[in-house]
Amino acid sequence: MTLLVNRTDKNILKQRLKEESIARKTISFYRYVNIQNPAQLRDQLFKNWIELNCFGRIYLAHEGINAQMSVPEDSWDSFVNSVYSSHYFNGVDFKHAVDGNGKSFYKLIVKVRDKIVSDGINDPDFDPSNTGKYLNASEFNNAMQDTETIVVDMRNHYESEVGRFEGAFCPDADTFREELPQVIEHLKGKEDKKILMYCTGGIRCEKASAYFKHKGFKDVNHLQGGIIQYAKEVKEQNIESKFKGVNFVFDERIGERITEDVLSKCHQCQQPCDTHVNCKNDDCHLLFIQCESCAENMKGCCTPECVTIAALPIEEQRELRKGRVKNGSECLSVYKSRLRPNLGEILKNNLSLK
């Protein structure tokens with residue numbers, strides 16, 4: 001019987017991926033579709049894809065599928081056939097990563113959730129299939145020329161911090177469900193304006209565009225395929241990229257560069273930088289921006305306390321974690337980057353005490 005989960009230590013899996021010699025594609029796809037039995041489908045997909053040596057993070061719900069995956073190139077045709085063999089996903093569009101680096105995931109995770117995008121919408125009259133108008137890269141660029149057009153970033157704040165479209169409204173939110181009411185409030189009284197929305201791969205905008213129409217906005221448009229597809233079309237058609245900087249992605253790469261523009265700063269020394277990292281102290285794992293110099297000086301950690309903890313033997317680290325309150329005042333585990341302490345100030349105070 002096929003094991004339906006992978007319990008191998010992540011460090012072993014990451015090392016295997018690093019040593020792997022096969023070529024891989026990093027792709028994503030989604031579809032809103034009514035799935036009758038997502039748990040049963042989950043097991044079938046896991047069996048199919050583990051046999052093809054696929055990695056990735058896939059969410060299933062009654063409302064559809066959201067998948068980001070790493071697929072061996074020599075298994076590509078078999079993978080596509082496995083996806084299209086399901087009537088739920090036949091003909092779905094695959095979005096390919098810009099940088100072509102297939103080493104984006106180190107294991108296969110397929111989970112069943114209540115929704116593929118947590119939105120906080122509980123309105124029984126809301127129809128998510130009544131979406132806005134799709135725009136390709138050229139159409140999106142042309143629509144941005146109108147000074148009356150409003151461009152909205154439907155991603156989290158730490159995503160827009162390192163890359164965004166020129167002049168876009170970027171909500172200060174940690175989650176999609178927080179963004180929706182923020183954007184509605186920001187656009188109050190502008191229901192007749194042309195709205196352009198974008199996100200990473202299109203899945204959040206598709207639902208958001210339908211919700212905005214439901215809320216009375218008349219001219220709602222969204223970038224087809226998101227930033228991933230936009231960057232591909234910009235390159236293929238040799239047109240100007242209105243998106244500047246790095247596209248944040250939710251895999252081991254964390255970001256893929258779209259243009260050479262650096263829009264953000266290192267959270268520790270304030271030098272121009274747009275490299276997201278997770279603190280090397282596993283009890284913290286804080287997501288923050290860190291330049292190469294600070295990464296070397298701080299051993300990949302966010303604070304001196306984390307440097308000390310990360311240097312301890314793993315068994316001692318585990319002992320320290322026992323009884324800790326995650327995301328509480330007893331430790332620095334605050335994964336959401338907007339909640340991070342002022343890392344530069346912490347370092348400055350620490351140096352002044354020495």
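The values are calculated or read from the model by the stated rules, or taken from the named source; none is laboratory data. Everything quoted here is computed from the prediction, not taken from an experiment. With ideal geometry, Cβ positions are generated from the backbone for all residues, glycine too; neighbour counts draw on all protein chains shown.
In table form, for the structure just shown:
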| read-out | value |
| --- | --- |
| Residue in region 221-228 that is surrounded by fewer than 18 Cβ atoms within 10 Å (Cβ to Cβ) and farther than 30 Å from GLU319 by Cα present | no |
| Residue in region 63-70 that is in a helix (DSSP H, G or I) and over 14 Å from LEU4 (Cα atoms) present | no |
| Output for region 100-109, where each listed residue is at pLDDT below 90, over 15 Å from the mean Cα position of the chain (by Cα) and crowded, with 16+ Cβ neighbours inside 10 Å | GLY102, LYS103 |
| Any hit, region 240-251, residues being of a type outside the set (A, V, I, L, M), farther than 14 Å from SER28 by Cα and part of a helix (DSSP H, G or I) | no |
| Odd one out for LEU286 among (1) aliphatic (A, V, I, L, M); (2) assigned by TED's automatic domain parsing to the domain that holds ALA168; (3) over 24 Å from ALA67 (Cα atoms) | (2) |
| Single match in SER138, SER104 (criterion: assigned to a loop (DSSP other than H, G, I, E, B) and among the hydroxyl-bearing types (Ser, Thr, Tyr)) | SER104 |
| Which listed residue, of LYS47, LYS18, LYS14, LYS25, is within 26 Å of GLU236 (Cα to Cα) and not in a loop (DSSP other than H, G, I, E, B) | LYS25 |
| Single match in ASP123, ASP146 (criterion: of a type in the set (D, E, K, R) and in the same structural domain as CYS205 (by TED's automatic domain parsing)) | ASP146 |
| Residues within region 110-135 that are over 16 Å from LYS194 (Cα atoms) and either modelled with pLDDT of 95 or more or of a type in the set (Lys, Arg) (or both), tallied | 5 |
| Any hit, region 7-23, residues being at pLDDT 90 or above, surrounded by fewer than 18 Cβ atoms within 10 Å (Cβ to Cβ) and of a type in the set (Ser, Thr, Tyr) | no |
| Top-ranked residue in region 305-321 [being over 29 Å from the mean Cα position of the chain (by Cα) and farther than 19 Å from ASP9 by Cβ; ranked as modelled with the lowest pLDDT] | LEU320 |
| VAL220 in contact with a Leu (Cβ under 8 Å, 6 or more places away or on another chain) and assigned to a strand (DSSP E or B) | no |
| Options CYS269, CYS306, CYS302; residue that is over 28 Å from ARG24 (Cβ atoms), in contact with a Pro (Cβ under 9 Å, 6 or more places away or on another chain) and not charged (D, E, K, R) | CYS302 |
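Listed here are the residues, each with its yes/no results for (1) among the basic types (Lys, Arg); (2) free of Cβ contacts under 8 Å to residues at least 24 places away in the same chain; (3) not assigned by TED's automatic domain parsing to the domain that holds MET298.
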{"position": "ALA208", "(1), (2), (3)": "no, no, yes"}
{"position": "GLU252", "(1), (2), (3)": "no, no, yes"}
{"position": "GLU260", "(1), (2), (3)": "no, yes, yes"}
{"position": "LEU263", "(1), (2), (3)": "no, no, yes"}
{"position": "ASN281", "(1), (2), (3)": "no, no, no"}
